[in-house]
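Step one of this worksheet: look at the structure below.
The values are calculated or read from the model by the stated rules, or taken from the named source; none is laboratory data. It should be emphasised that the depicted structure is a prediction, and the values quoted were computed from it without experimental measurement. Neighbour counts are summed over all protein chains in view; Cβ atoms, including those assigned to glycine, are modelled from backbone coordinates with ideal geometry.
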Amino acid sequence: MSLRAKLIWPILAFITVIFVTSQSYTSYNTYQSAKHELVEQTKVLINDASHSIKDALATKNKPKAQTILADLLKKPNVSRVKLYDKDNNPFAVFALDGFAAPSPTVKERSRLHEVGYALSAHFLYVFEPIIHEGQVIGSIRVTLSRIPLFEVRDALLQDGGLFLVILLAGGVMFYFGVERRVLRPIEEVNRALQDLANGHHLSGRIHHKSKDEVGALVASFNFMVEKQQRLEKQRKHSLEVLERRK
C-alpha cells in the first residue's frame, strides 16, 4: 500500500467516525427534544380544554363538549380529537374533513397509557386523563400530524450534509498539506535514489526548508549529492592529470 493510501484511509476513517458519532448524538437529542416539546405543548392544550370540558362530561352535555373539541381541533398539527368518559367509552369525536387514520395498535395503546404518547408511522398520539376532585372522569386522545417532526428530520439531514461537506473539505486541505510537506519531498528523494541506483547523473539539490524529520532527510540527501558531485569532480580531475602525463 502506498503512502498516499496509508494517509487517505485514516483520514476517511476519522471523518466517518466523527460524522457518524456527532450526527447520531445530535440527531437523536434534537429529534427527542422536538418530540417531547410537541407532546408537552399538546398536553398543555388538553389541560386548558379539560377545565372547560369537565362540566360537559359531568352533565353528559355532548354539544358543549363538541364545541370545546372543535376549538382544540383548530390548533396547529391537530388532526383528530377524541373524548372518552370515565368508563373509557367514546363520548365525542372531532376530526379534520377527509381525515382518515388507523386507530392506535395494541402496542401503541399500551404506550399511550404508560407514558402519555405514542408514535406511529405518520401520526403522534397524545393521551391525557381529565381529573376532577382527585378522580378520573374522562380522557382526551389527540392525534397529531408528524409533519413538525419530519421537518426536524429534514433539517437534520440538511445540517448533516453541510457538516459532511465541511469535514470533507477539512480532510482534503489536511491531505494536500501533508502531501506538499511530507509526501512530495519523500517522493523526490525516492526518485533521486532510484536514479542513483540506476547509474543516472544526479541533477541537483532537492529544495525543502522545513526543519523537521523530512527536512533532515532531504538535507542528508542533499549533502550526499554534494559529496558525490565533489568525488565525481575529483575523479575527473585525476583522470585528466593522468592523461596529461601520458
- line: Among residues of segment 102-121 being surrounded by 15 or more Cβ atoms within 10 Å (Cβ to Cβ) and assigned to a loop (DSSP other than H, G, I, E, B), the residue modelled with the highest pLDDT is Gly116
- line: Checking Ala95, Ala56, Ala65 in turn, the sole residue that is touching a Lys or Arg at 6+ places or on another chain (Cβ under 7 Å) and farther than 23 Å from Arg146 by Cβ turns out to be Ala56
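Which residue is surrounded by the fewest Cβ atoms within 10 Å (Cβ to Cβ), if the candidates are limited to segment 122-153 and must be part of a helix (DSSP H, G or I) and in contact (Cβ under 8 Å) with a residue 40 or more places away in the chain?
Going residue by residue through segment 122-153, those that are part of a helix (DSSP H, G or I) are 147-153.
From what's left, in contact (Cβ under 8 Å) with a residue 40 or more places away in the chain: 147-149, 152-153.
On the way: Ile147: 13, Pro148: 17, Leu149: 17, Val152: 19, Arg153: 15.
That would be Ile147.
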statement: Selection from segment 72-101 of residues within 22 Å of Glu37 (Cβ to Cβ) and in a strand (DSSP E or B) yields Val78, Ser79, Arg80, Val81
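Each row is one residue, and each column tells you yes or no for (1) within 24 Å of Thr26 (Cβ to Cβ); (2) over 16 Å from the mean Cα position of the chain (by Cα).
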residue: Glu114; (1), (2): no, yes
residue: Ala118; (1), (2): no, yes
residue: Ala121; (1), (2): yes, yes
residue: Thr143; (1), (2): no, yes
residue: Arg146; (1), (2): yes, yes
residue: Val152; (1), (2): yes, no
residue: Ala155; (1), (2): yes, no
residue: Gly160; (1), (2): yes, no
residue: Met173; (1), (2): yes, yes
Qualifying position, being loosely packed, with under 11 Cβ neighbours inside 10 Å and at pLDDT below 90, among Ala13, Ala5: Ala5
query: Are any of the residues in segment 39-59 surrounded by fewer than 17 Cβ atoms within 10 Å (Cβ to Cβ) and not in a helix (DSSP H, G or I)?
result: yes
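Among the residues of segment 37-60, what is the count of those that are touching an Asp or Glu at 6+ places or on another chain (Cβ under 6 Å) and at pLDDT below 85? Even if it seems obvious, please write down each step before you answer.
Start the filter on segment 37-60 by keeping residues that are touching an Asp or Glu at 6+ places or on another chain (Cβ under 6 Å), which leaves 43, 46.
Applying the additional criterion that residues be at pLDDT below 85 yields none.
Residues meeting the conditions: 0.
Out of segment 62-71, which residues are buried (at least 20 other Cβ atoms within 10 Å of the Cβ) and touching a strand residue (DSSP E or B) at 6+ places or on another chain (Cβ under 8 Å)? Before the answer, list the steps.
Narrowing segment 62-71 to residues buried (at least 20 other Cβ atoms within 10 Å of the Cβ): 65, 68-69.
If the condition is that a residue be buried (at least 20 other Cβ atoms within 10 Å of the Cβ) and touching a strand residue (DSSP E or B) at 6+ places or on another chain (Cβ under 8 Å), then Ala65, Leu69 are the ones that fit.
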